[in-house]
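Below: one structure, written as structure tokens.
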Amino acid sequence: MPSYSSKDIERLAKGCGYHELEVSSRDQGRMVSYRHNQKCGGVRINVYTTTGTVATCLDHPRVGKGQMFRRNMTYADLQDIFSNPRVHKDVGYHRLADGTKQDCHRMQRLSCYEFNFADEDTLDQFVSDEFPISENFDSISLGYDCFFILQSDGSFMFSSGIPKGLHNKLWGRQTWLPKPELVKIGKRSCQSYFVQFADGSMEWNDVPDELDDLLDEPDKLVDILALGEDDEYYVKFDDGSEDWSLPVALSNLLNGRNGTRRGNQGIAGVSNISLGFDGNYAVKFTDGGIKSWSDIPGYSEKFDKVLGKVGVKYVELGVRNDFVIIG
């Protein structure tokens, strides 16, 4: 949870010349909104006080509105943003709840990516102009012959075949509603998914029973989540607590690393995890390092190709032999 209050935000905003905007009754108590008509040609800043997510919306007379979402912002981050709303505009970033800055998911220059899709229709959609992987990319999640791409401005794109509940929640979603900030499609079934919005609200379906109980606990926000096949999952909450049911090799890796971290806080923590079929996994750490294992034909060669060219920044494993590797 943020270490600052709505009163702290009010003092900061008004000190920078902003005026407060009225928010809807639905957002009262969890979001505050401020406007400055001169800074950057006009800007609105929304701060979700329950999550620390900050949305900046810049007015651009020539190109419409430019929007950026950032998770887990500190008070120092707020000072930077209110002072100069364009700060880090071209390289957006999140923080994990422990304050670790995450700028690797918001890549300024996406120069290389490799992929494999068993289903031809899904492949055709992925390589079409309708689903560009660009500098606005935040994350991708693969499901049963489907994919979901989340952008750094809170917008999103998805192929046909995503879980029905997720589709119903997001299709035609009104622009004034909180944007999704974490979306994961599961491999447990074709209807498995999790979504968390900027105001901290969540919805999920067909996740392992243990995870379902954890998500039901009050006053917890999800920082990192992975949904695998059957009962496999990983979750890290905003209070730093972790829980998982993982393939033995990955569980041993995390247990060993956590044991080392207790004696050396300089050891990097988990930044992102992807779970595939048959024990396949990819885990990224907060120092940018990635550990991955997969027996999918062609995966290792494509991973090494991207690694040798520009370095691997993001890996997502899907069902069967599907994967995306981004450099």
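Quick check: net charge around GLN191, other residues with Cβ under 9 Å of its Cβ, Lys/Arg +1 and Asp/Glu -1?
Numbers: positive: LYS164, ARG188; negative: ASP206.
That works out to +1.
For the chain, the longest principal axis of the Cα atoms and the long axis of helix 6-15 meet at an angle of about 60 degrees. Each residue was assigned an accessible area with a 1.4 Å probe, and for VAL183 the value is about 10 Å². Cross-link reach is defined here as a Cα-Cα straight distance under 25 Å, omitting same-chain residues fewer than 8 places apart; for LYS305 the lysines meeting it are LYS284, LYS291, LYS313. Could you work out what % of the accessible surface of region 202-295 is carbon and sulfur, using a 1.4 angstrom probe and leaving DNA, RNA and ligands out of the count? The nonpolar share, carbon plus sulfur, comes to 40 percent.
Indicate the gyration tensor shape class of the chain (rounded, prolate or oblate), computed on the Cα atoms with a ≥ b ≥ c the square roots of the eigenvalues: a/c under 1.5 is rounded; otherwise a/b larger than b/c is prolate and the rest oblate. Don't skip to the answer; put the middle values down first.
On the way: a/c = 1.63, a/b = 1.47, b/c = 1.11.
Prolate.
May I ask you to derive the relative contact order of the chain, considering only C-alpha pairs under 8 Å and at least 6 residues apart, and to give it as an integer percent?
Numbers: 635 pairs, mean separation 43.1, N = 327.
Relative contact order here is 13 percent.
Only DSSP H runs of four or more residues enter the estimate; each adds -39500 (n - 2.57), and after division by the residues of the chain the mean residue ellipticity at 222 nm equals -6000 deg cm²/dmol. Note the angle between two axes, namely the Cα long axis of helix 248-263 and the longest principal axis of the Cα atoms of the chain, as a number of degrees from 0 to 90, rounded to the nearest 10. On a 0 to 90 degree scale, this one is about 50. Cross-link partners of LYS39 among lysines, defined as those whose alpha carbon lies under 18 angstrom from its own and excluding same-chain residues fewer than eight positions apart: LYS14, LYS65, LYS89. The count of lysine pairs in region 136-276 whose Cα atoms are under 15 Å apart, excluding pairs fewer than 8 places apart on the same chain, comes to 6.
Could you compute the longest span of the chain free of GluC sites (Glu not before Pro) located in DSSP loops and having at most 10 other Cβ atoms within 10 Å, not counting the site residues? Before the final figure, lay out the partial values.
Working: sites that count: GLU22, GLU130.
Answer - 131-327.
For region 189-285, the Cβ-based charge dipole about the Cα centre amounts to some 880 debye (Lys, Arg positive; Asp, Glu negative; other atoms uncharged). Cross-link partners for LYS309 among the aspartates and glutamates, with Cα-Cα distance under 13 Å and sequence neighbours closer than 8 places in the same chain left out: GLU114, GLU301.
The Cβ shell under 10 Å around ARG320 holds other residues with a net charge of -3, Lys and Arg each +1, Asp and Glu each -1.
The values are calculated or read from the model by the stated rules, or taken from the named source; none is laboratory data. If you're wondering where the values come from, they're calculated on a predicted model, not measured in any experiment. Don't worry about glycine lacking a Cβ; one is built from the backbone with ideal geometry, like all the others, and counts go over all protein chains shown. Surface areas here come from the heavy atoms of the whole protein model, side chains and all, with no ligands, DNA or RNA. Shrake-Rupley method; radii C 1.70, N 1.55, O 1.52, S 1.80 Å.
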